[in-house]
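> Starting off with a structure, shown below.
The values are calculated or read from the model by the stated rules, or taken from the named source; none is laboratory data. Here the structure is a predicted model, which means the values were calculated and not measured. All Cβ positions, glycine included, derive from the backbone under ideal geometry; neighbour counts span all protein chains shown.
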Amino acid sequence: MLRSAGARGTVGPVRAREPDRSGYAVRSGVRLYYEVFGAGPVTVLLLPTWAIVHSRTWKLQVPYLARHFRVVTFDPRGNGRSDRPSDPDDYADAELVADALAVLDETGTDRAVCIGLSMGGRVLLQLAAARPERVAGAVFVAPALRIDLGLPVPARWVHPFEEELDSSEGWAKYNVHHWRRDLGDFAEFFFRELFAEPHSTKQVDDAVGWALQTDPETLAATHRAPFLGDGSGRSEPTVSDLAARVRCPALVIHGSVDRIVDHRTGLALAEALGCPVEVFDGGGHCVHARHPVRFNLLVRQFGEAVAGARA
Amino acid sequence: MRAREPDDTGYAVVDGVRTYYEVFGTGPTTLLMMGTFPVVDGRQWKGQVPYLARHFRVVTWDPRGNGASDRPTGPDAYADEVYARDAAAVLDATGTDAAFVVALCSGIKWSLLLATAGPKRVRGLVAIAPGVHPLAPHPHPLQTVDQQQWCGDFAGWVDYHSDVLLPEPHSSKVFEDLVGWSLQTDAEVIGARTHAPLRPATDDETIEMSRALTCPVLVLHGSEDTCQPPERGRRFAELTGGQFVVLDGVGHLPHGRHPVLVNTLIREFVDMHTTRSPQRSAWLFARERKRRVLWVCSPIGLGHVLRDLAIARSLRERVPDLEIEWLAQPPVSGVLRANGEIIHPASAELASESAHWESEATHHDLHAFYAFRRMDEILCANYMLFDDVVRETPYDLWVGDESWEVDHFLHENPERKIAPYAFLTDVTGFLPIDPDNDPREAELCADYNAEVIEHLDRFPYVRDRSMFIGDFAELPDASLGPGLPRVREWSERIYSSVPYVVPFDPAAYRRPAALRCRLGYGTGYPLYVAAVGGTSVGRDLLELTAEAFALVRTEQPDARMVMVTGPRLHVDELPDVEGMDKRGYVPDLFEHLACADVAVVQGGLSTTMELVAARRPFVYFPLANHWEQQHFVAHRLDHYRAGVRMQYAATRPPDLAAAMVAAQRSRPAYRTVRRGGAAKAAHQLATLLRR
């Protein structure tokens, strides 16, 4: 197995497409860094996902999509050029939904075709349900939703997060003490799990580099934050309640060998939404990074269909 | 033959005038193919219907004044408003609440009126060359049927009118279709329509109605359209907020002349504006894919499939992890299935080529060129099916054995090629049968050849391999047409040659006496075997052969004949002759031919070449007017110094009897058929599949 280059694999100075505009949206003192690319009547908002990476995860999408749409990205609170609050409650789903709305407001975007990856898919579902007038279309990529499908508990939840463990092998690396000792080691393990496909070294290197731009305490705060379906027992809507409130066209994209979110979750969401699903056979959790051409074409097609239906 | 028959037909009636409609396919989304100016009927959509009906429910109708619809008199009966009412009546009669409308020229006005009367009925509009007159002036309006010079010459006007609508080269078949449909009506109807009351009548009304259209609109307009200036299309798109697509170099009838493009645009448009039922589609990570070939095998004769099977076997030895799927129809698919091959399920949807050829053949006469030309609709339908199939599954290679539909439409639409493609053939041009008495045939053959030559010169990347089955010396040295190269010279430039593929090892048939004993014939007497293929076309030839054999018996009293009638003819339909054994079917027919002292056969390539390889004397009758049998096969057999060629129409029983006896006394001195054809072809295909 090739050893990951870690931080050496991070972004070089030259980007394929520079933003036309950038700035900060500020919510309760937390600054969110956004970028805007291209112009046109239809905006595509590429939502952030877990703050272990930031908006550069969309680097293979932006240049192409910006040829056809106006594209907005932003760094999640906790990574990139956005602020890193320390209180877990600051990373609650409700905050992440509000961040997306703040960026839409700040960039003067009434409505957008929104793309949510993994955790971002969970945020998108809540955004589209709460504010249908802002979401023209929704693409869910490997949405990290907890739907009762009788699936085994995800491996990352097996080991206690807060306790010092004897082992630091495999998913035992998903542990705050290990993160404090060697966040890069966890990140490398984690992204190798994410990229289930052979020949994904560059994707792993990139992501490890982004992970090292945040820090163990911030990441631990994101882990401790309340989220939809976290089992805390507070009253909240179910996935099907939320899906019923989504009024825009939707599309689910999911890799069939995703080891982070079982692809049956994506199929179940598509069924709840009554929307088409595109399965990437042999694809892992991050098909946008590993299979960018197919992914980009699907998003463009979807965006154009949404735009056409409105015309 | 039509490529797709309607599932339902009927009449919608408005004020006592009947409008004939046809319905194809099923599904939640209906496409109404609008009628237009009554120089055509609903068949103008023949290039669209088979494909669109795979995906949608499709309704066509004949505009009053043409086709199977009534022909009322007077301009008022042909008013725009009346046609719009006919369209609404067709929707009612077919139980269609709302439909996507595909319309041409005047049909766009009727679509506007239909939408104005019931906005919810029109879900979307594909407007081809919209005839919305007031929107832009026409610099040179077309001549009308009632102008002085066409008085009393409706056919002359039809020629003129059809010609100006089709400025594209190589449009002879579309032109002929158009003339044919136009001649289904007359000057009175066309004159009445020409003076019918118009709606929308004014600039303002046209603008108002176009702006009021709320459904999505797609406008297609040829840049060379002489009937409707492209500016009208542009203005119409602007007013309706629709998408405007200019088709460069295209005339007034893009759906007739460029069906693949128009079909895919229509489908994309409708797909974009319908909420498809939730569906799951899968894309397989490229490195996980199996090595897969789609093999398109022509159903004309069984020769293709036998050589394809031989090549496929050899290819599998070279590329062991290969999976081959066949797109093939009966009888070829039956042979493939019997050999354990995988038939692609979409094969069941192929429009029948075999039925077309049978419908074209009479009395040992098949005008193969005209029959091929009349197969345009089937070829288009089957290309579109292929186009769907290769987009549903990624293939590593497409192989086409005389896959004329794939070859033609890929060169017409080279952007549709998404995989390596190899083409095999044993015939490399259209040669006229009777240039002296049928100059039209000579002209059309030359036009077809010119188009193929242009295609291959302009888009050399469409075919990754072009294989001619045989040596170039086996090709006739004839001209492909005035100003065009000669067959052999051109073929040498385009094709690589692989030896003729015989589906057996000729060495196994070198001892006819042993074979005769194995088949129970014994030896010591002259054995004649006659077989003329599996269709009823051969009946006349069998009757002639029976009479000839009776004469042979007067000279050779111990001679015997085995006559194989094939599945379509009952043995009782043929006369009884002393010494002649009639059989409906024999398994492994070829072995019986291979041990005959003389075989009497038709002029098909496979059977005759098998006799050459087995070195048996034979008399053969090429089908009259069959350019391939008369030119290509005949020349090839001459090259091998094999066979006695006779023409059915000029042969009396004594002539045939004499030829049979002479052949029985001859010692074949045939040129040897080179071996290894299948391996050589397989090698070429393998280079496209692996390094």
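> Among the numbered criteria (1) away from every other protein chain (no Cβ under 14 Å); (2) surrounded by fewer than 20 Cβ atoms within 10 Å (Cβ to Cβ); (3) assigned to a helix (DSSP H, G or I), which single criterion is violated by residue B:267?
In the conditions (1) away from every other protein chain (no Cβ under 14 Å); (2) surrounded by fewer than 20 Cβ atoms within 10 Å (Cβ to Cβ); (3) assigned to a helix (DSSP H, G or I), residue B:267 misses (1) alone.
> Residues to consider are B:442, B:473; find the one that is in a helix (DSSP H, G or I), more than 19 Å from the chain's Cα centre (by Cα) and under 21 Å from residue B:501 (Cα atoms). Lay out the reasoning, then the answer.
Working: B:442 fails: under 21 Å from residue B:501 (Cα atoms).
Being in a helix (DSSP H, G or I), more than 19 Å from the chain's Cα centre (by Cα) and under 21 Å from residue B:501 (Cα atoms) holds for just one of B:442, B:473, which is B:473.
> Turning to a different aspect of this structure: For segment B:591-622, how many residues meet the condition of being part of a loop (DSSP other than H, G, I, E, B) and either more than 29 Å from residue B:367 (Cβ to Cβ) or of a type in the set (Gly, Ala, Ser) (or both)? Break it down into steps so the answer makes sense when it comes.
Taking segment B:591-622 as the starting set, the residues that turn out to be part of a loop (DSSP other than H, G, I, E, B) are B:595-597, B:603-604, B:615-617, B:622.
Now restrict to residues that are either more than 29 Å from residue B:367 (Cβ to Cβ) or of a type in the set (Gly, Ala, Ser) (or both): B:595-597, B:603-604, B:615-617.
Matching residues across segment B:591-622 total 8.
> Follow-up. Please go through segment B:537-575 and give me each residue that is buried (at least 21 other Cβ atoms within 10 Å of the Cβ), part of a helix (DSSP H, G or I) and among the polar types (S, T, N, Q), ordered by number.
Of everything in segment B:537-575, just one residue is buried (at least 21 other Cβ atoms within 10 Å of the Cβ), part of a helix (DSSP H, G or I) and among the polar types (S, T, N, Q), namely B:545.
> Please list, ordered by residue number, the strands (runs of 3 or more DSSP E) wholly in segment B:1-105 having 2 or more residues that are under 27 Å from residue B:384 (Cβ atoms) and of a type in the set (A, V, I, L, M). Steps first, answer last, please.
Values: elements: B:8-14, B:17-24, B:30-33, B:57-61, B:99-104.
Once the strands (runs of 3 or more DSSP E) in segment B:1-105 are filtered for at least 2 residues that are under 27 Å from residue B:384 (Cβ atoms) and of a type in the set (A, V, I, L, M), what remains is B:30-33, B:57-61, B:99-104.
> Can you confirm whether residue B:240 is among the hydroxyl-bearing types (Ser, Thr, Tyr), closer than 23 Å to residue B:114 by Cβ, more than 35 Å from the chain's Cα centre (by Cα) and surrounded by 16 or more Cβ atoms within 10 Å (Cβ to Cβ)? Break it down stepwise before answering.
Working: among the hydroxyl-bearing types (Ser, Thr, Tyr): yes; closer than 23 Å to residue B:114 by Cβ: yes; more than 35 Å from the chain's Cα centre (by Cα): yes; surrounded by 16 or more Cβ atoms within 10 Å (Cβ to Cβ): yes.
Against the criterion (among the hydroxyl-bearing types (Ser, Thr, Tyr), closer than 23 Å to residue B:114 by Cβ, more than 35 Å from the chain's Cα centre (by Cα) and surrounded by 16 or more Cβ atoms within 10 Å (Cβ to Cβ)), residue B:240 qualifies.
> Looking only at residues that are small (Gly, Ala, Ser) and in contact with a helix residue (DSSP H, G or I) (Cβ under 6 Å, 6 or more places away or on another chain) in segment A:224-248, which one is farthest from the other protein chains (Cβ to nearest Cβ)? Before the answer, list the steps.
Of segment A:224-248, the ones small (Gly, Ala, Ser) are A:225, A:229, A:231-233, A:235, A:240, A:243-244.
Now restrict to residues that are in contact with a helix residue (DSSP H, G or I) (Cβ under 6 Å, 6 or more places away or on another chain): A:225, A:240, A:243.
Values: A:225: 32, A:240: 15, A:243: 12 Å.
Residue satisfying both the conditions and the ranking: A:225.
> Further, regarding this structure: Which of the residues that make up segment A:118-164 are in a loop (DSSP other than H, G, I, E, B), at pLDDT 95 or above and among the aliphatic types (A, V, I, L, M)?
Answer for segment A:118-164, where residues must be in a loop (DSSP other than H, G, I, E, B), at pLDDT 95 or above and among the aliphatic types (A, V, I, L, M): A:142, A:144, A:145.
> Right, next: In segment A:253-270, is there at least one residue being under 16 Å from residue A:125 (Cα atoms) and surrounded by fewer than 22 Cβ atoms within 10 Å (Cβ to Cβ)?
yes
> For segment B:476-516, which positions are under 23 Å from residue B:667 (Cβ atoms) and either among the aliphatic types (A, V, I, L, M) or under 28 Å from the mean Cα position of the chain (by Cα) (or both)?
Residues of segment B:476-516 that are under 23 Å from residue B:667 (Cβ atoms), as a first pass: B:500, B:502, B:504-516.
Answer for segment B:476-516, where residues must be under 23 Å from residue B:667 (Cβ atoms) and either among the aliphatic types (A, V, I, L, M) or under 28 Å from the mean Cα position of the chain (by Cα) (or both): B:500, B:502, B:507, B:508, B:513, B:514, B:515.
> Right, next: Could you check segment B:551-571 and list, in sequence order, the residues that are at pLDDT below 90 and in contact with a strand residue (DSSP E or B) (Cβ under 9 Å, 6 or more places away or on another chain)?
Matches in segment B:551-571: B:565, B:566, B:571.
> Based on this model, can you work out whether residue B:101 counts as in contact with a Gly (Cβ under 9 Å, 6 or more places away or on another chain) and surrounded by 24 or more Cβ atoms within 10 Å (Cβ to Cβ)?
Values: in contact with a Gly (Cβ under 9 Å, 6 or more places away or on another chain): yes; surrounded by 24 or more Cβ atoms within 10 Å (Cβ to Cβ): yes.
Taking the combined requirement at face value, the residue satisfies it.
> Kindly check whether there is at least one residue in segment A:208-223 that is within 14 Å of another protein chain (Cβ to nearest Cβ), among the polar types (S, T, N, Q) and surrounded by 21 or more Cβ atoms within 10 Å (Cβ to Cβ). Break it down stepwise before answering.
At the first step, the residues of segment A:208-223 found to be within 14 Å of another protein chain (Cβ to nearest Cβ) are none.
No.
> Pick out the one residue from B:219, B:189 that is under 37 Å from the mean Cα position of the chain (by Cα), assigned to a helix (DSSP H, G or I) and not charged (D, E, K, R).
B:189
> While we're here: Any residue at all in segment B:79-99 that is in contact with a helix residue (DSSP H, G or I) (Cβ under 7 Å, 6 or more places away or on another chain) and of a type in the set (Val, Ile, Thr)?
no
> Moving on. Counting only residues that are more than 14 Å from chain A (Cβ to nearest Cβ) and out of contact with any helix residue (DSSP H, G or I) (no Cβ under 6 Å at 6 or more places or on another chain), which one in segment B:208-219 is farthest from residue B:114 (Cα to Cα)?
Ranking the candidates gives B:208 first.
> Condition test on residue A:306, is it crowded, with 22+ Cβ neighbours inside 10 Å, within 14 Å of chain B (Cβ to nearest Cβ) and out of contact with any Leu (no Cβ under 8 Å at 6 or more places or on another chain)?
Details: crowded, with 22+ Cβ neighbours inside 10 Å: yes; within 14 Å of chain B (Cβ to nearest Cβ): yes; out of contact with any Leu (no Cβ under 8 Å at 6 or more places or on another chain): yes.
Answer is yes for this residue.
> Which ones in segment A:249-260 are more than 8 Å from every other protein chain (Cβ to nearest Cβ) and closer than 22 Å to residue B:289 by Cβ?
If we filter segment A:249-260 for residues that are more than 8 Å from every other protein chain (Cβ to nearest Cβ), which is where we start, we get A:250-255, A:257-260.
Of everything in segment A:249-260, those that are more than 8 Å from every other protein chain (Cβ to nearest Cβ) and closer than 22 Å to residue B:289 by Cβ turn out to be A:253, A:254, A:255, A:257, A:258, A:259.
> I need a count of the residues in segment A:261-294 that are among the small types (Gly, Ala, Ser) and at the interface with chain B (Cβ under 7 Å from one of its Cβ atoms). I'd like the intermediate steps shown before the answer.
From segment A:261-294, those among the small types (Gly, Ala, Ser) are A:266, A:268, A:270, A:272, A:274, A:282-284, A:289; that's our starting set.
This time we only want the ones that are at the interface with chain B (Cβ under 7 Å from one of its Cβ atoms), so: A:270, A:274, A:282-283.
Count: 4.
> If I go through segment A:46-59 residue by residue, how many of them are part of a loop (DSSP other than H, G, I, E, B) and under 23 Å from residue A:136 (Cβ atoms)? Before you say what the answer is, go through the steps one by one.
Residues of segment A:46-59 part of a loop (DSSP other than H, G, I, E, B): A:47-54, A:59.
Right, trim to under 23 Å from residue A:136 (Cβ atoms) and you get A:47-49.
Qualifying residue count, segment A:46-59: 3.
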